[in-house]
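Before anything else, here's the structure in question.
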Amino acid sequence: MQIDDYESYENISFESIDLEDKTLQEVNFYRCTFKASSFQYAELIDCEFQECRFVGCNMAVAVFSNSKVIDTEFRDSKLLGINWGNLGPVIVARYSNCLMDRCAFSGQNLLKVKFSSCSLRDASFSDCKLLRVKFDDCDFAGCQFHQADLSSADFTSSRNYFMNAETNKLKKTKFSLPEAVSLLANLDIELK
């Protein structure tokens, strides 16, 4: 099935769609499922994904320009190097078993978003609201948090995170030992 610009699609299951290096403009998807499809290097301009599912998709370095992601699930997908900051200000999504290395979240409102078993290596969260976000079994090696509101966020089962308590809001944020010791790294103290 071909996807055309300026169209709306509802309750359609797309499988093995190849949109690599393609541009989609003003396309609305409602309750659609994408399986084993490629959006690598695709540019999605003014598109909307509402109540959609992406399963086993390659979306590496896709560009979302002024698009919306609402109540959408990404599972077992490659989402490498995406600048999620190009989306509208709110993302409502669930990410499960996704490769999200080198992704950038900037100026986003990610309230209640759930990341489960995701790799977020070398990713960055800058000027984001991450209130009540659940990071379940995620790897944050090299990930940066700057001016992020992490109030009530849950990192208890995640690893390799580092965040500066002076430049991020950590009110009622949940951590577990021994990983939580990394929060002391930016302080001028000695542990014995």
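The values are calculated or read from the model by the stated rules, or taken from the named source; none is laboratory data. Predicted model only: the values in this text are computed from it and were never measured. Neighbour counts run over all protein chains shown; Cβ positions are idealised from the backbone, glycine included. Please note that ligands, DNA and RNA were not included when accessible areas were found on the heavy atoms of the full protein model with its side chains. Shrake-Rupley method; radii C 1.70, N 1.55, O 1.52, S 1.80 Å.
Summarise the accessible area of the chain (1.4 Å probe, protein heavy atoms) by the percent that is carbon and sulfur.
45
Please report the relative contact order for the range 8-132, taking Cα pairs under 8 Å with a sequence separation of at least 6, and give it as a percent rounded to a whole number.
Relative contact order for the range 8-132 comes out at 16 percent.
What number comes out for accessible area per residue over the chain if the probe is 1.4 Å? Units Å², please.
Ligands and nucleic acids excluded, the result is 49 Å² per residue.
Go through 158-165, 38-45 and give me the packing order, highest mean Cβ count within 10 Å leading. Show your work: numbers first, answer last.
Working: 158-165: 17.4, 38-45: 20.4.
Highest to lowest by the protection proxy: 38-45, 158-165.
Would the range 28-77 count as rounded, prolate or oblate if I go by the C-alpha gyration tensor, calling it rounded below 1.5 in a/c and otherwise prolate when a/b exceeds b/c, oblate otherwise?
Verdict is oblate for the range 28-77.
Mind checking which lysines have their Cα closer than 30 Å to the Cα of K78? Skip sequence neighbours fewer than 8 apart in that chain.
K22, K35, K68, K112, K114, K129, K134, K169, K174
Once you sort the root eigenvalues of the Cα gyration tensor of the range 1-55 as a ≥ b ≥ c, which label holds: rounded (a/c under 1.5), prolate (a/b larger than b/c) or oblate (the other case)?
It is oblate, given that a/c is not under 1.5 and a/b is not larger than b/c.
Of (1) 89; (2) 150; (3) 121, which one was derived for volume of the Cα convex hull per residue in Å³ from the structure shown?
(1)
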